[in-house]
Amino acid sequence: MSALAQTHGALNLAQGFPGFAPSPEIQAGLHEACERGMFQYAPMPGYLPLREDIARQLEHRYDFCASPQEEITITAGGTQALYTAFTTIVQPGDRVAYFEPAYDSYHPAICLNGGIPVPIQLQGEGFEIPWNELEAELSIGLKAIVINSPHNPSGSILSSEDLRQLGELIQSTGTFVISDEVYEHIVFDGDIHFSVLQDPVLKHRSIVVSSFGKTYHATGFKLGYAVAGAGIMKEFRKIHQYQVFAVHSASQYTFHRMMQNPEHHEQLGAFYQGLRDVFRAGLQGSSWGLMPCRGTYFQLLKVPKRLQGYGDLEAAEWLCQEKGIALIPMSPFYADGRNTGLLRACFAKPVEILEEATALLRNIP
């Protein structure tokens, strides 16, 4: 859709990246890293002061004590951390459950490691886990379960009760959890992000993945991290060492510098909530239906009756070509490519772009 947007000169709310510059402190941090001569390999697990920063944040936010030396690894973005997590856990023939709609790297990463994907569809407008279906799949046997909260693409979040229930289900099994928490700081309306690191069962069975790019509006830096118990992380690092060995030194120093000011991540939810509210307000009274959005920087839209004769992919293509705005259809987020009647908009854009976008969308009768 981004390529189609470029071809047609369309306003692009499709691809999920921020449309504004990051803090000037990012540039200052890079400059300082270069002045410090950080041009060579970082340690394989990552720049130690940055891992220590993450450990302090985990203790503050989740009351989880992680060893920077043994339980935290800096990665080349969240997607690399996810792939390394799958490679760490999944052997040929292992069944791995994940919930659809799903971030599009889960299914191929399972397959590339010889696993058997087991997609389970989230239910209702709240995109809730169907616990009976998950329990049925566990009875057959699952090597791992992938969860994602705050959830891309739906904007839903998991509660502490959801995590407690998941922990109870896997407690007597050998099942691991891969928890994609890259939008952990982007939750709205007084809600709280609950991490698997807060659950007494899940914290011993999980690999948690997060991202600096989402937090600091710098997705192009491709820097993330993984957190797991020492035993699991030892195996994770065996894979990481031969996939990338180490990631960009100057970027690691830059984010270490950024983490000294917690306001950057503490204010992120309110910042994006303001943009979400601008976008939603611009579509009130229009022909578009607004799905709930409790976190991330994505808003799902129900296509108007005018477009319901199309599949969601065809509706997205028509909007891009004829109305000059690019959104993402939901069908590719399902393994069977089902038509959902939903499109995803990224509202991580300046207010004037969101106002222009909503004006274009209101022009659909």
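Observations
- Gly126 meets the stated requirement of being surrounded by fewer than 15 Cβ atoms within 10 Å (Cβ to Cβ) and closer than 26 Å to Pro329 by Cα.
- Single residue of region 7-29 satisfying the filter (out of contact with any Phe, Trp or Tyr (no Cβ under 8 Å at 6 or more places or on another chain), part of a helix (DSSP H, G or I) and surrounded by 14 or more Cβ atoms within 10 Å (Cβ to Cβ)) that is modelled with the highest pLDDT: Glu25
- The condition of being in contact with a strand residue (DSSP E or B) (Cβ under 8 Å, 6 or more places away or on another chain), modelled with pLDDT under 95 and surrounded by fewer than 20 Cβ atoms within 10 Å (Cβ to Cβ) holds for only one of Leu313, Leu319, that being Leu313.
- Under the condition of being of a type in the set (Lys, Arg) and surrounded by 14 or more Cβ atoms within 10 Å (Cβ to Cβ), the residues counted in region 281-308 number 2.
- Test result for Val244, of a type in the set (Val, Ile, Thr) and outside the structural domain of Gly77 (by TED's automatic domain parsing): no
- Among residues of region 155-183 being within 11 Å of the chain's Cα centre (by Cα) and among the small types (Gly, Ala, Ser), the one that is surrounded by the most Cβ atoms within 10 Å (Cβ to Cβ) is Ser179.
- Some residue of region 187-208 being at pLDDT 95 or above, among the polar types (S, T, N, Q) and surrounded by fewer than 22 Cβ atoms within 10 Å (Cβ to Cβ): yes
- Test: Lys214 is assigned to a helix (DSSP H, G or I) and surrounded by 16 or more Cβ atoms within 10 Å (Cβ to Cβ): yes
- Filter result for the condition that a residue is in contact with a helix residue (DSSP H, G or I) (Cβ under 6 Å, 6 or more places away or on another chain), of a type in the set (A, V, I, L, M) and over 25 Å from Ile147 (Cα atoms), over Val201, Val247, Val278: Val278
- Only one entry of Arg276, Arg306, Arg344, Arg280 meets the criterion of being touching a Leu at 6+ places or on another chain (Cβ under 9 Å) and assigned to a helix (DSSP H, G or I), and that entry is Arg280.
- For Ser286, the conditions (1) among the hydroxyl-bearing types (Ser, Thr, Tyr); (2) assigned by TED's automatic domain parsing to the domain that holds Ala109; (3) outside any helix (DSSP H, G or I) are fulfilled apart from (2).
- Residue in region 32-50 that is surrounded by fewer than 19 Cβ atoms within 10 Å (Cβ to Cβ) and either of a type in the set (Phe, Trp, Tyr) or at pLDDT below 95 (or both) present: yes
- Conditions (1) surrounded by fewer than 20 Cβ atoms within 10 Å (Cβ to Cβ); (2) in contact with a helix residue (DSSP H, G or I) (Cβ under 6 Å, 6 or more places away or on another chain); (3) within 30 Å of Ala228 (Cβ to Cβ); number of the one not met by Leu4: (3)
- Apart from one condition, His265 fits all of (1) outside any loop (DSSP other than H, G, I, E, B); (2) in contact (Cβ under 8 Å) with a residue 12 or more places away in the chain; (3) surrounded by fewer than 18 Cβ atoms within 10 Å (Cβ to Cβ); the exception is (3).
- Some residue of region 241-261 being part of a loop (DSSP other than H, G, I, E, B), surrounded by 24 or more Cβ atoms within 10 Å (Cβ to Cβ) and touching a residue at least 12 places away in the same chain (Cβ under 8 Å): yes
The values are calculated or read from the model by the stated rules, or taken from the named source; none is laboratory data. Keep in mind the model is a prediction, meaning the values are calculated, not measured. Counting neighbours? That spans all protein chains shown, and the Cβs are built from the backbone with ideal geometry, glycine included.
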